[in-house]
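Q: The structure follows.
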Amino acid sequence: MAFRRSARRMRWLGCYRLGPIWKALLVFVVIAFAGQLLGVIFNKSWMQPERPHSLYSFPSDNSQGDSLGSCQPHIHIMFLKTHKTASSTVLNLLYRFGEERGLKFALPVGYQFGYPLPFIAQRVKGYRGPHVAEFDIMGNHMRFNKPEVEKVMPADTFYFSILRDPLALAESSYAYYKNVAPAFRRAKGLGDFADNPYKYYDPRLRNNHYARNLMWFDFGLDHTSNFSLALVKRGVAAVRRNFKFILLSEYFDQSMVLLRHALCWPLDAVVSFSLNARQQVPSGRSGWVVKAAPAPLALTDKQKSKLREWNALDWHLYQAFNLTFWQEVERFGRSRMETEVGLLRTKREILTRICLRDGGRPIEASRIRDKTIRPFQSGLVKILGYELQSGLDNATWEACLRMIRPEIQYKDLLDLRQFPRAQQPPVAGGLPIWRESSKLRTEDHGGKRFVEKDWDGTIMFRNQSLDHQVDSKVRFR
């Protein structure tokens, strides 16, 4: 009996006298965990309010995957942004990485570096001569020209790019550039084009480069040459010589793991949401991306074979670096790769639950209430975006917003921060930036925007609310 009374006394002491202490400790642990997860409390940048916070860091001894040892993170990076290859998602993580660390971007005067003409250094905003001003990250669309890039970027720059199966790329390119490339515009559908591409294709017409060997073209190689194994060998050798790593969009997560090791970055820095995804059929109420292709993109097996033959230079380029990619995976270790990919996907799932509405499903631009983050629309299909969760605190909301901010709006934001309106730099060398003066006012899913043409006739989106974007605190709860 005495023992029972003593036990009851001890339980009373533990639950009531010590209870508040344990509760306080529990609250501290929970706050610390949340702080690490959201990169607010224990992130080194929390004492620097002028820099954005990172939305990462899990309280785990192995939160970054395998240790990267004593290597130093690469901060001088050149990414060749190829077309329709998931490159917008890659550019987003480069933008975030650089913004969070106060790095300097080599930005185009417009939205791309004079594309489709070969890149020249004078297209970089703020460029004043070879290595006069140091830039850390370059990643907007260009037609690659290594000698000119080297005038802008430091000698220790890490060069990388991304490839995609040319058949999937052809489908995406046709859907996106249907109204831009004359060869696509004249065809009734992609199958019709595949049956007889020479009927529609004229290499002399502007923007027809989108219709054949587009990746080969983006790498600065001659995409109109007659196919030969010798030509392929020279092209592949040039890409190997100029780039340290080539990602594959079909194996995006594995690519991110290899990339973060090559760059000596934490795994958290390569966690991302898929951006610039297209809706593949007219949507129902759900707005989900579905697998079936719309009629203009439907292909028979014979037509698929013809498209691969039509894009033979791209196909051999892809095959060569597909082989290299899996050799890298083998060197890295299959089991180790599976572990890190699993961790990356877990982190993405957690951030999806924190940041995104509707379980993270991409939705039509018209359903995104914040008009400043609606993706630019082009071609046959709708480009999808995301809606943020309601009720997020400011730091979390800002970090989530960076992960879903469309490429064009993100570039405008970085441009405005790097070059305030009162400090717009002159164009180096007096190079004229040719622009058509006309601006067209249009409606975009109920919201107004300006559309203007770049010097080469490419339509560009100009955000009306740019001046309010940097410090905007507009919230949709």
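Q: Report the gain in length on full extension from Arg357 to Arg417: 0.36 nm times residue separation, minus Cα-Cα distance, nm rounded to one decimal. Spell out each step's value before the answer.
A: On the way: separation 60, 0.36 × 60 = 21.60 nm, distance 2.89 nm.
That pair, Arg357 and Arg417, stretches by 18.7 nm at full extension.
Q: Which percent of the Cα-Cα distances in segment 185-252 go past 17 Å?
A: 55 percent
Q: Can I ask one more? Students sometimes get this wrong: rank Arg336, Arg357, Arg417 by accessible area, probe 1.4 Å, all chains present, largest first.
A: Sorted by accessible area, descending: Arg417, Arg336, Arg357.
Q: Something else now. Ranked from highest to lowest mean number of other Cβ atoms within 10 Å per residue, what is the order of the peptides 154-163, 230-239, 92-101?
A: Packing proxy ranking, top to bottom: 92-101, 154-163, 230-239.
Q: For segment 117-210, what D do you get in µm² per second when you plug the Kirkwood radius from alpha-carbon pairs into Stokes-Einstein at 37 °C and 0.692 mPa s?
A: Numbers: Rh = 15.9 Å.
For these conditions, the coefficient is 207 µm²/s.
Q: Roughly speaking, what % of Cα-Cα pairs in segment 318-407 are separated by over 20 Å, rounded to a whole number?
A: Of all Cα-Cα pairs in segment 318-407, 53 percent lie more than 20 Å apart.
Q: Take Gln72, project a point 7 Å from its Cα along the Cβ direction, then tell me which residues of segment 154-196 have their backbone nitrogen under 16 Å from it.
A: Residues 154-158 fall inside that zone.
Q: Order these peptides, 308-314, 393-399, 81-87, by their mean beta-carbon neighbour count within 10 angstrom, highest first.
A: Details: 308-314: 21.4, 393-399: 17.0, 81-87: 23.4.
My ranking of the peptides, most packed first, is 81-87, 308-314, 393-399.
Q: Further, regarding this structure: Of Lys151/Lys233; Lys84/Lys233; Lys199/Lys306; Lys84/Lys188; Lys178/Lys302; Lys81/Lys199, which pairs sit farther than 18 Å apart, going by alpha carbon to alpha carbon?
A: Lys151/Lys233; Lys84/Lys233; Lys84/Lys188; Lys178/Lys302; Lys81/Lys199
Q: Once you order the gyration tensor axes a ≥ b ≥ c over the Cα atoms, which shape class does segment 299-370 get: rounded for a/c under 1.5, otherwise prolate or oblate by comparing a/b with b/c?
A: The shape class here is oblate.
Q: Also, I was wondering about something else. Could you pull out every residue, at least 5 positions away or on a different chain, whose amide H is within less than 5 Å of the one on Phe245? Hs are placed 1.01 Å off N in the peptide plane, and Pro or chain starts have none.
A: Ser161
The values are calculated or read from the model by the stated rules, or taken from the named source; none is laboratory data. Because the structure is a prediction, the values reported are computed rather than measured. Positions of Cβ are backbone-derived with ideal geometry, glycine not excepted, and every protein chain shown enters the neighbour counts. What goes into the accessible areas is simple: the full protein's heavy atoms, side chains included, and nothing from ligands, DNA or RNA. Shrake-Rupley method; radii C 1.70, N 1.55, O 1.52, S 1.80 Å.
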